[in-house]
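These notes are about the structure you will find just below.
Read-outs throughout are calculated quantities, based only on the coordinates presented, and are distinct from any laboratory measurement. Owing to the predicted nature of the structure, the values given are computational and were not obtained by experimental measurement. All Cβ positions, even for glycine, are placed from backbone atoms using ideal geometry, and neighbour counts span all protein chains on display.
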Amino acid sequence: MKQEMMTIVRQQELAPKIYELVLSGELVKEIQMPGQFLHIRVPRSDLLLRRPISINQYDQDTGTCTIIYRVEGAGTKCFSELSPGNQLDVMGPLGHGFEIDKLNAGDTAFIVGGGIGVPPLYQLSKDLKAKGVEVVHFLGFGTQEAVYYANEFQALGETHFSTDDGTFGVQGNVGNLLMAKTSQPDAVFACGNNGLLKTVEQLYSKVENVQLSIESRMACGMGACYACVCHVPGDETKSVKVCEDGPVFQAGEVIF
Ligand SMILES: Cc1cc2nc3c(=O)[nH]c(=O)nc-3n(C[C@H](O)[C@H](O)[C@H](O)COP(=O)(O)OP(=O)(O)OC[C@H]3O[C@@H](n4cnc5c(N)ncnc54)[C@H](O)[C@@H]3O)c2cc1C
Ligand code: FES
């Protein structure tokens, strides 16, 4: 893990309030697995806590990585106003991401994401595809305008979309998409809100390898403050830290 001033190479608005930001720096060399995140200081002295944002994709040859974020409050609004050449104080890579070692060429993986849970699944899907795994994506958004990376995911494999209002893909949520697909995969990877993760956990209770990226409020981002603790089923005395032990856990490993 490093802390460094990374340089903004490019920033563009992909959809209303959704930005793609490319950063360059040494810490890219330390990224080990998809699903890890960066902890970014907001360049405003009154906002003390860093903001955790997932790594969307990275390229160790060029030393660049990309994040995709939605403007929620003051911190992400401040990020959206930055331009190429500006610098950001970044800590990372942090956390334990998606494990793909157990999958082999010819296996099938379902990749499930909702809204702002979609970004880290892109590097994951690229890495699985490079191993010869067949990837099937199930992605949910609010409305057609909010959809991003449709072509990018489609280029990697079969991709199903849902929108809450039915303006793009099937009307409803990702659960509706999953229920329409009857086959069982070798592994499932999901990132999104707790409702989506619970649906995935229930629908694929018979699949051995189900990995969920859990969102939690964070402060330090590196295991020191206990702001992000989750309990472990069956043992009230045991807990895990989402920032350090996660954000990706096997289904059933933590209560969320
Ligand atoms: C591991 C992880 C990965 C994430 N990846 C992404 C991503 O790829 N793209 C993206 O758009 N968002 C992502 N988020 C959510 C993102 O961190 C929040 O939307 C962001 O911190 C909001 O900051 P703000 O100042 O704009 O909003 P405010 O609401 O003003 O934030 C106030 C405080 O709450 C915290 N906070 C607010 N919402 C969240 C949240 N949902 N999760 C955790 N902390 C929150 C902020 O860090 C800040 O300390 C991720 C969160 C986690 C934990
Ligand atoms: S955010 Fe401090 S321990 Fe996880």
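Averaging the Cα positions of each part gives two centres, and for the stretch 127-144 and the stretch 6-55 these lie 22 Å apart. Over the chain, dividing the summed -39,500 (n - 2.57) contributions of all DSSP H runs of at least 4 residues by the number of residues returns a 222 nm mean residue ellipticity of -4500 deg cm²/dmol. Across the stretch 156-203, Cα pairs under 8 Å and at least six residues apart give a relative contact order of 22 percent. In the chain, the ratio of gyration radius to Kirkwood radius, Rg to Rh, stands at 0.95 when only Cα atoms are counted. Here the contact order of the chain, divided by its residue count and restricted to Cα pairs under 8 Å and six or more residues apart, works out to 17 percent.
Measuring spread by the Cα atoms of the stretch 216-256 yields a radius of gyration and Dmax of 9.7, 27 Å.
Between residue 144 and residue 182, what is the FRET efficiency for a Förster distance of 30 Å, r being their Cβ-Cβ separation, to the nearest 0.05? Write out the running numbers ahead of the final one.
Numbers: r = 27 Å, r/R0 = 0.90.
Efficiency for this residue pair is about 0.65.
Relative contact order of the stretch 216-256: 38 percent, from C-alpha pairs under 8 Å at least 6 residues apart in sequence. Extension gain, residue 26 to residue 1, is 8.0 nm, computed as 0.36 nm per intervening residue step minus the present C-alpha separation. In the stretch 2-94, the C-alpha radius of gyration followed by the widest Cα-Cα span (Dmax) gives 12.1, 36 angstrom.
About the centre of its Cα atoms, the chain shows a dipole size close to 340 debye [charges on the beta carbon of Lys, Arg (+1) and Asp, Glu (-1) only; nearest 20 debye].
GNM remark for the chain: springs join alpha carbons under 10 Å apart, and the peak mean-square fluctuation among 241, 102, 77 falls on 102.
For the chain, give the share of DSSP beta bridges that are antiparallel, in percent and rounded to the nearest 5; count only bridges with both residues there. Mind dumping the intermediate values first?
On the way: 37 of 63 bridges.
Of the beta bridges lying entirely in the chain, close to 60 percent run antiparallel.
If you scale each eigenvalue of the Cα gyration tensor by 5 and take the root, what three semi-axes come out for the stretch 39-178, rounded to whole angstrom and sorted largest first?
Values: eigenvalues 161, 88, 30 Å².
Each semi-axis is the square root of five times an eigenvalue, giving 28, 21, 12 Å.
Applying a 10 Å radius around every beta-carbon, put 194-202, 9-17 in order of their mean neighbour count, most first. Don't jump to the answer; show the numbers that get you there.
Numbers: 194-202: 17.2, 9-17: 14.0.
In decreasing order of mean packing, 194-202, 9-17 become 194-202, 9-17.
Put the Cα centre of the stretch 200-235 next to the Cα centre of the stretch 82-126 and the gap is 16 Å.
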